[in-house]
Structures are given as structure tokens and as C-alpha cells.
Amino acid sequence: MPPSGMPTPARRPGRVRTIITVVAGVLGLLLVGGGITAFVLYDRATRPDRSAPDVVVDNYLRAFLVDRNDIKADQFTCSASTLEAVNGLRSEIEQREARFDVDVRITWGALTRTKTAGGESVETTLTISSSANGQPRSSRREAWIFQVSDETDGWRVCDGGKVG
């Protein structure tokens, strides 16, 4: 008791509880917002880019011939694709690497788009070069054309082969 004989006023127990609840609510909202932001950024970073015919051909060539990743390459192809010529080129490259103990590298030049009845075609020149122990061994250039189709989730490669 205070010296005046008056009882001490009791603290309101709800005030501390209210502060804790508000702080917890704000932290919860920040965590949920951060989680949603992280999900959206991750989704954008990992979604295959099929926004244009030349972009999808570039991504397909990189996945299939450079990285040799069939699962990733399948993300850029039509469900009923006929890509035997490209499969044959990759098989030839793998055989040459094994047979001659060389590294084969594929690059391509400009990707030229042309509208067709079934979508678009994309032409490019593939450069296929080999080297052993860092020394160039051989190099050749081939003109290739790829047929692409605009499907519900973006452009996809449906066919490809050498020109001529």
C-alpha cells in the first residue's frame, strides 16, 4: 500500500497481450508476404522461356545439343515432334567423341524467323567443331531449319533438319 493508504491501481493485463498479438500478427504477415514473393520469383526464374519462336529454338538447341539434357529439352518440344535429324546429329557427335577422343562443340548463329501455314520456321547455321587437348581438329557449318508451333503454354519445336 502506498503511504497515503490508497491501494495501488492494478495494471490492465490485456495491454501486454494486445501488444504481443499485434507484433505476432505483423510478423506473420511479413512471413506470408515473403513466402509468396519467394515463390513468384522462383517460378519466374525456373519457368522455361517459350515466349517466341527464336527463343524456343535457342533454348532447345542449348538443352539438347550443348547440355545434352533430354528432360529440359522436352520442355521445348511439341508432344508429337519429329526431331529424328537432331537426334541423329547428337548421336553422331557422341560417336565422334568416343571414337576419336575429342570434344565436340556446337554453336549457332542468328536465328531467322519466317511465318508458315502451321506456325513459324526458324533457320540458323550450326557450327560443329571438335578439339583434342585444346587444339582445334575440325569444323563444319550446316544450315538447319526448325518448325515451331504456338501451343497453349507457348512456342514449341516440332521438327528440325538440315536445309537441302
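Hey, can you tell me all the residues within the range 112-143 that are under 23 Å from residue 48 (Cα atoms) and not basic (Lys, Arg)?
Once the filter is applied, which keeps residues that are under 23 Å from residue 48 (Cα atoms) and not basic (Lys, Arg), the range 112-143 yields 112, 114, 118, 119, 120, 121, 122, 123, 124, 126.
Residues that are under 18 Å from residue 142 (Cα atoms), part of a loop (DSSP other than H, G, I, E, B) and modelled with pLDDT of 90 or more: does the range 87-106 have at least one? Please lay out each step first, then the result.
Step one: of the range 87-106, the residues under 18 Å from residue 142 (Cα atoms) are 87-94, 96, 104-106.
Okay, now just the ones that are also part of a loop (DSSP other than H, G, I, E, B), so none.
The answer is no, given that none of the residues of the range 87-106 is under 18 Å from residue 142 (Cα atoms), part of a loop (DSSP other than H, G, I, E, B) and modelled with pLDDT of 90 or more.
Which one is farthest from the chain's Cα centre (by Cα) among residues in the range 32-49 that are of a type outside the set (A, V, I, L, M, F, W, C), surrounded by 10 or more Cβ atoms within 10 Å (Cβ to Cβ) and part of a helix (DSSP H, G or I)?
The qualifying residue farthest from the chain's Cα centre (by Cα) is 33.
Which one of these is in a loop (DSSP other than H, G, I, E, B) and either within 24 Å of residue 49 (Cα to Cα) or touching a residue at least 12 places away in the same chain (Cβ under 8 Å) (or both): 160, 164?
Every option except 164 fails the conditions.
How about the range 134-149: which of its residues are over 12 Å from residue 163 (Cβ atoms), loosely packed, with under 14 Cβ neighbours inside 10 Å and of a type in the set (D, E, K, R)?
140
Rundown of residues vs (1) over 24 Å from the mean Cα position of the chain (by Cα); (2) surrounded by 14 or more Cβ atoms within 10 Å (Cβ to Cβ), yes/no style:
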{"site": "98", "(1), (2)": "yes, no"}
{"site": "102", "(1), (2)": "yes, yes"}
{"site": "106", "(1), (2)": "no, yes"}
{"site": "110", "(1), (2)": "no, no"}
{"site": "118", "(1), (2)": "yes, no"}
{"site": "122", "(1), (2)": "no, yes"}
{"site": "132", "(1), (2)": "yes, no"}
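Read through the list (1) part of a strand (DSSP E or B); (2) surrounded by 18 or more Cβ atoms within 10 Å (Cβ to Cβ), then give the number of the only condition that residue 79 fails.
For residue 79, the failing item is (2).
Quick check: anything in the range 50-66 modelled with pLDDT of 95 or more, outside any helix (DSSP H, G or I), closer than 22 Å to residue 142 by Cα and of a type in the set (A, V, I, L, M, F, W, C)?
No: zero hits.
Within the range 129-143, can one find any residue that is under 21 Å from residue 70 (Cβ atoms) and not in a loop (DSSP other than H, G, I, E, B)?
Checking the range 129-143: not a single residue is under 21 Å from residue 70 (Cβ atoms) and not in a loop (DSSP other than H, G, I, E, B).
In this structure, does residue 137 turn out to be of a type in the set (Lys, Arg), touching a residue at least 12 places away in the same chain (Cβ under 8 Å), under 20 Å from residue 72 (Cα atoms) and in the same structural domain as residue 72 (by the TED database)?
no
The values are calculated or read from the model by the stated rules, or taken from the named source; none is laboratory data. The structure displayed is predicted, hence computed values, not measured ones. Because the Cβ atoms are built from the backbone with ideal geometry, glycine has one as well, and the counts that use them run over all protein chains shown.
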